Amino acid sequence: MHYFEAASARDMELFLQQLAPELDAAGARTLLDLYTDEPMDAPRAQDALQAMSAIAEQASSSTRRRGSSRSRDPLMGVEVDLHDPVQAGHFALLAHRVINAEAWCGEGRQVFGTVESPTRVWVELPREVVEKLLDDGRRAGASLTVRPAG
């Protein structure tokens, strides 16, 4: 596992733009909890939160119409379609700003998570992918550091 730390929330957004296609390529199931502890001051992030909330509400409504009696908060564990460029963009704007973001591969292998910080996330992907993410993030303009956990 590696921790990526960005100099700012904007730098983290640039990094997450690079991470989204890597998670998609890995077949990761990516989830967001669409709540924040702090008010969002970034208008684009606010718009992304509203858009993802609408997607979640619509999915929840469809599930209820199909007869599911399962009662749960539709804004928790919202799946993000990283293959969709619009939703991938929402992921980059929101993952580090909401109360939780995570990605899972296969059965029970978490490969991405947030750590209650707008500038720090962790990734557990192959070393060459971690190195590529660092290079791509820096080329995109992000000020980043990476260090192994432990």
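Overview of results
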| item | result |
| --- | --- |
| Any hit, the stretch 109-131, residues being without any contact (Cβ under 8 Å) to a residue 12 or more places away in the chain and open to solvent by less than 70 Å² (accessible area, probe 1.4 Å) | yes |
| Failed criterion for residue 43 (all others in (1) touching an Asp or Glu at 6+ places or on another chain (Cβ under 8 Å); (2) without any contact (Cβ under 8 Å) to a residue 24 or more places away in the chain hold) | (1) |
| Close pairs from the stretch 85-108: first over 16 Å from residue 50 (Cβ atoms), partner charged (D, E, K, R) and outside any helix (DSSP H, G or I), Cβ under 7 Å, at least 6 apart | 99/33; 99/37; 100/33; 103/29; 104/29 |
| Matching residues, the stretch 7-30, being open to solvent by 10 Å² or more (accessible area, probe 1.4 Å) and touching a strand residue (DSSP E or B) at 6+ places or on another chain (Cβ under 7 Å) | 11, 26, 27, 28, 29 |
| Out of 147, 97, 138, sole residue that is assigned to a helix (DSSP H, G or I) and basic (Lys, Arg) | 138 |
| Single match in 44, 29, 10 (criterion: under 11 Å from the mean Cα position of the chain (by Cα) and basic (Lys, Arg)) | 29 |
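The values are calculated or read from the model by the stated rules, or taken from the named source; none is laboratory data. It should be emphasised that the depicted structure is a prediction, and the values quoted were computed from it without experimental measurement. Don't worry about glycine lacking a Cβ; one is built from the backbone with ideal geometry, like all the others, and counts go over all protein chains shown. These accessible areas exclude ligands, DNA and RNA; they are computed on the full protein's heavy atoms, side chains included. Shrake-Rupley method; radii C 1.70, N 1.55, O 1.52, S 1.80 Å.
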